[in-house]
Structures are given as structure tokens and as C-alpha cells.
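One structure is given below, encoded as C-alpha cells.
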Amino acid sequence: MSGQVVLVTGGGRGIGRSHCLALAGLGAAVVVNDPGVSRDGSGGQPAPAAAVVEEIKAAGGSAIAHTGSVSSWSDAADMISAAIDTFGTLTGVVNNAGILRDATVATSTEEDWDAVIAVHLKGTFAVTRHACAYWRGQSKSGRQVDAHVVNTTSGAGLWGNVGQCAYGAAKAAIANLTVVTALEARRYGVAVNAISPLAVTRISEDFFGAHQAADAAFDPARSSPVVAWLQSPESSWLTGQILRINGAQLTKVEGFTEAASCYHASNGESLQYNEIGDAASWLYGTAPRGLAGPLPHI
């Protein structure tokens, strides 16, 4: 990956740190973004980002630290500028930054909802927006662009999880944002994909037992080779996709799809209130009320 310049948000610890080391190990220059906040987004210190930069440099790689917050529009823009000013270009973004404030729908506070959405969803959008503006400008000026965005979704966003309304909503939105950005950005040479990694990190550690935390299958580094490949020119043909990484297993995740079977209005024009119950029962596999066999309107 010599010549690649990749910004990794949340790169100071956990999965983000693993991504940074994997990218640098393959020759990419890395912008390690991490404000060093706690698990819930409070506080902040420069040490995590600085430590990863030193680790990369000690191994002979190139990296700089950036301690801005992805939830800040101006900080997100500055991350892009820092990469370009330091390394002369930007070829990729890995949106990995995240915080966690779990609560049910009935007990969530406005502050917690806003904080989680700001980091995960707004942060992913803000960094991607500024990067895409740069790449679009490069394309319009006649330069050939081959750039990559890798977003981070999760099982909570794809399939839901009790007590994670804000986190799940943000991660589901990121999955859709991935598809929309891919549709728009392909015209100026940008491939956009997302990963759903299963790993034990500061954010996910409460969901795993001690034996799982010690299991190599849940090592955050397991997802980093996939991220590195998605940041390489070799992957430029793939865009708008979500890949689930579970230990040694890589799976394609497919989005919302319409079922093969559908119910048609009995009058052939519009659905009537008094037939919706039978229609829904049939669609979801329950024998329709008052009908001995399958509905004829299929």
C-alpha cells in the first residue's frame, strides 16, 4: 500500500489501533485520529493517538496524530487538511470512532441520544463529506481518483439489540449512508463499503464473557486485514457493500429486500381495511382467518 494515505478515526485504541498498525505495516501513511475520550465520550487526552504514531514510526512507518473530534464539523475538515498538508494527498478514510451510552427507549436521555448520534452518525458523515469534497474537486480538475471509504456498522444496527436504541439507530443509519455515498461517489472514483466486526473492545466488552474476551476469535485485529484490503486499489471494483467479520469468517450482508410473495388487493385497485388482517396473517405465515387454503390474490 505504498503511496496510500489513510485517515483512521478512533485510531488510538481497540479496533482502530489495529487498523492503523495493519495499514502502516503494508506501507500506507496513516493519520491516527483519536481525542482520547472515555468510553462514554467524556474527557480527552492526546496519549492514545500519540502512542500509536510512535509505534508505527518505531516500526519504520509514517504517521501523524490528530486529536480532534469527529462530531465537530471543523475538526473533521481539519483531519482531511492535515493528511493532505503532511503527505500531499488523501486516498482513504476509515470511519471507526465511537462511544457508548446504553439505555432503553423508555430510559434514554436527550443528552445521551445526542452524544451517541453525534459521534457515530454525524462523525461518519462529517469526515466522509469533507473527504468526498476533496476527491470530487480532484476529479473535476482532471486528476484520476482511486479512493476508498470504509465505515463501521454493527450487529446492533443491522439486527437490533435491547438497550442500544441510540447506538443501534446510528449504526443502521451508517449502513444506509454507506450505500448512498457509494452511489454518489463512484462517479468520481471513490469506493465506499462498511464492515461489521465482531470483537471485544472497550465498547463491546460488557456483552462478552471472560472466556470470550480471551478467545483469539474476538481479537480486534481480526477485522483489520479486511479494512486494509478495502483501502487498497485491489478492492476498487467493490462498492456499496457490508461485510461481516466474525473471527475467521467473512460474510456478505444483504440489506432490506422485498419477499418473493405479496398480497394483492382483492378489488384489484387498493387495499381495504377489512382485508389487511388476512393479508398480514398470510404474509407472515399464519393461516388466514376464514380461509381454508392460501389466498388467491398473490
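The values are calculated or read from the model by the stated rules, or taken from the named source; none is laboratory data. If you're wondering where the values come from, they're calculated on a predicted model, not measured in any experiment. Because the Cβ atoms are built from the backbone with ideal geometry, glycine has one as well, and the counts that use them run over all protein chains shown. Accessible surface is based on the protein model in full, side chains and every heavy atom, while ligands, DNA and RNA are left aside. Shrake-Rupley method; radii C 1.70, N 1.55, O 1.52, S 1.80 Å.
Yes or no: segment 140-163 includes at least one residue that is part of a helix (DSSP H, G or I), over 22 Å from Leu243 (Cα atoms) and at pLDDT 95 or above.
For segment 140-163, residues part of a helix (DSSP H, G or I), over 22 Å from Leu243 (Cα atoms) and at pLDDT 95 or above: present.
Residue by residue through segment 96-119, note down the ones that are under 19 Å from Ala49 (Cβ atoms) and outside any loop (DSSP other than H, G, I, E, B).
Of everything in segment 96-119, just one residue is under 19 Å from Ala49 (Cβ atoms) and outside any loop (DSSP other than H, G, I, E, B), namely Val119.
May I ask you to list the residues in segment 25-67 that are within 19 Å of the chain's Cα centre (by Cα) and at pLDDT 95 or above?
Val30, Val31, Val32, Asn33, Asp34, Pro35
Looking only at segment 49-65, which residues are buried (at least 20 other Cβ atoms within 10 Å of the Cβ) and either charged (D, E, K, R) or touching a residue at least 40 places away in the same chain (Cβ under 8 Å) (or both)?
Val52, Ala63, listed by residue number.
All but one of (1) buried (at least 21 other Cβ atoms within 10 Å of the Cβ); (2) β-branched (Val, Ile, Thr); (3) under 23 Å from Ile99 (Cα atoms) hold for Val5; which doesn't?
With respect to (1) buried (at least 21 other Cβ atoms within 10 Å of the Cβ); (2) β-branched (Val, Ile, Thr); (3) under 23 Å from Ile99 (Cα atoms), Val5 is out only on (3).
What residue, of Ala191, Ala175, Ala170, is under 18 Å from Val6 (Cα atoms) and either in a helix (DSSP H, G or I) or modelled with pLDDT of 95 or more (or both)?
Sole residue among the options that is under 18 Å from Val6 (Cα atoms) and either in a helix (DSSP H, G or I) or modelled with pLDDT of 95 or more (or both): Ala191.
I'd like to check something: does segment 15-26 contain any residue that is assigned by the TED database to the domain that holds Val226 and over 22 Å from Ser232 (Cα atoms)?
no
Would it be correct to say that Val105 is touching a helix residue (DSSP H, G or I) at 6+ places or on another chain (Cβ under 9 Å) and open to solvent by less than 30 Å² (accessible area, probe 1.4 Å)?
In short, no.
Which ones in segment 219-256 are open to solvent by less than 30 Å² (accessible area, probe 1.4 Å) and at pLDDT below 85?
Pro220, Gly247
Which condition number does Glu275 fail, the rest of (1) farther than 30 Å from Leu23 by Cα; (2) exposed (fewer than 13 other Cβ atoms within 10 Å of the Cβ); (3) modelled with pLDDT of 90 or more being met?
Checking Glu275 against (1) farther than 30 Å from Leu23 by Cα; (2) exposed (fewer than 13 other Cβ atoms within 10 Å of the Cβ); (3) modelled with pLDDT of 90 or more, the one that fails is (2).
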